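Taken together, the values in this text are just the output of simple stated rules run on the coordinates, not laboratory data. Computed from a predicted structure; not experimentally measured. Note that we place each Cβ from the backbone using ideal geometry, even for glycine, and neighbour counts take in every protein chain shown.
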Amino acid sequence: MKKVTDHQPKKVDIGGQAVLEGVMMRSPQYVALAVRRPDGSVVCKRDPYISPAKKHKWMGYPFIRGAVSMVTMLTTGMKTLEESARMGGAEEEKPTRFELWLAKKLGKGVDKVVMGVAVVLAVLLSVGLFVLLPNMVIKLFPASATGGMLLLKNLVTGLVRTAILLGYLWFCGRIPDMKRVFRYHGAEHKTVYCHEAGQELTPANARPFTTLHPRCGTSFLLITFILSIVFYSIFDVLVLMLTGFDLGNSYLLRVLTRLLLLPVITGISYEALKGLAHNDGKVCRLLRKPGMQLQRLTTAEPDDGMLEVAIVAMKAALGEMPEGETTEEGYVIAIPAEKTC
């Protein structure tokens, strides 16, 4: 069967995240998480969602909302991973003495401390891989105060950063558990497409759609990396013209400016992603194609059982919370073990 690639997105975007044996879907009203347990049953959890822009209007302004979205995705993503592990039946790990000590000092629960540590470590890893490491290549170039050399340095660091991203994603795809997550990622995209096309949410209807979606976070990363080359080149040349100082000759100042300007780059990239995703013109389709092709590293074809899980999450996020028995933890059994695909 020929895959369906054309779609007409609705005004309200539904976002999601794949986790091990599950999918999270987020609508303007709800965040819903569905996970398949070892016995084959599917459990679901839904919480009300209030966007940062509703709490603080300025957080929804163009170019600001991109940076806000990045922080929200990071914190929500960590919480989703933790919750999905509990829903899947993973045993709770006993907190370490350090975590208990830190929780006592900070006056917070162990869960919040662990979550905070995980977020900090994720940020440090990202900064190390995509800011500190790529910019080390400037030490290979001779000291120079010319715009041409600055452009060359930014191009090379940008290519190194992109190569690290490709290598990282390729490596993740070799891990068995991540392969399954990438298949659930594909299920998430197919289900979103099915909803956007106005079709009934069933595995049969979702199956023909492609696993590549223009609003995917993978595309967002590539757009950010590409635009950062252009933005930082313009910024560095302006600094050189106005002050005579070459940021390409100072590793420390170069890294510092990259970190300080990251929210600006994120804001610009977010607007670019939204614009490209919601426009089906030939130019926009061409510009978003590299990001969608990169998703071949982070998505894979799901089976009907995975689509089933994504559909449960989508329906719950849209307001159709499944009816069923409730587990001891308070999760709704959306699909009993004997009724799974």
Plugging the Cβ-Cβ distance of Val230 and Arg97 into 1/(1 + (r/R0)^6) at R0 = 45 Å yields, to the nearest 0.05, a FRET efficiency of 0.40
Among Thr257, Met306, Gly186, pick out the residue whose Cα is farthest towards the positive end of the charge dipole of the chain, where Lys and Arg carry +1 and Asp and Glu carry -1 on C-beta, about the Cα centre. Thr257
For the chain, modelled as a GNM with alpha-carbon contacts under 10 angstrom, which of Arg174, Arg36, Arg285 fluctuates the most? Arg174
Restricting attention to the alpha-carbon atoms of segment 185-341, what are Rg (one decimal) and Dmax (integer), both in Å? 21.7, 72
Tell me, what is the FRET efficiency for Ala204 and Leu129 to the nearest 0.05, using R0 = 51 angstrom and their Cβ-Cβ distance as r? 0.80
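Take the Cβ-Cβ distance between Asp280 and Phe63 as r, set R0 to 25 Å, and report the resulting FRET efficiency rounded to the nearest 0.05.
Computed FRET efficiency for Asp280 and Phe63: 0.60.
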Part-to-part distance (alpha-carbon centres) for segment 248-300 and segment 111-182, which is given in Å: 14
Distance between segment 56-83 and segment 197-216 - C-alpha centres, whole angstrom: 25
Proximal charge balance of Met314 [Cβ under 12 Å; K/R count +1, D/E count -1]: -1
In the neighbourhood of Glu271 defined by beta carbon distances under 13 Å, the net charge of the other residues (Lys, Arg +1; Asp, Glu -1) is +3
Degrees, to the nearest 10: 97-106 long Cα axis against longest axis of the chain: 80
Residue-by-residue Karplus 3J(HN,Hα) for segment 192-206, coefficients 6.51, -1.76, 1.60, Hz, glycine and proline x: 4, 4, 4, 5, 5, 7, x, 8, 5, 7, 9, x, 5, 6, 7
Let's see if you can work this out: charge +1 on each Lys and Arg Cβ, -1 on each Asp and Glu Cβ, no other charges. What is the dipole magnitude of the chain about its Cα centre, in debye to the nearest 20? 1100
Fewest-first ranking of Val42, Val332, using other Cβ atoms within 10 Å as the exposure measure: Val332, Val42
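Report Rg(Cα)/(2.2 N^0.38 Å) for segment 113-222, keeping two decimals. If you can, show how the numbers build up before the last one.
Values: Rg = 19.6 Å, N = 110, 2.2 N^0.38 = 13.1 Å.
Taking N as the residue count of segment 113-222, the ratio is 1.50.
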Ignoring the sites themselves, what is the longest stretch of the chain with no chymotrypsin sites (Phe, Trp or Tyr not before Pro) in a DSSP loop and at most 15 other beta-carbon atoms within 10 Å? 64-244
For Asp246, the net charge from surrounding residues (Cβ-Cβ under 13 Å; K, R +1; D, E -1) works out to +1
Taking the beta-carbon count within 10 Å as an exposure proxy, list Thr162, Thr327 from fewest neighbours to most. Thr327, Thr162
May I ask you to sort Cys216, Cys172 by Cβ crowding, counting other Cβ atoms within 10 Å and putting the fewest first? Cys172, Cys216
Label points 7 Å out from Cα along the Cβ direction at Val12 and Lys289: separation in nm? 3.4
Label-point gap, in nm, between Met136 and Val117 - each point 7 angstrom along Cα→Cβ: 2.7
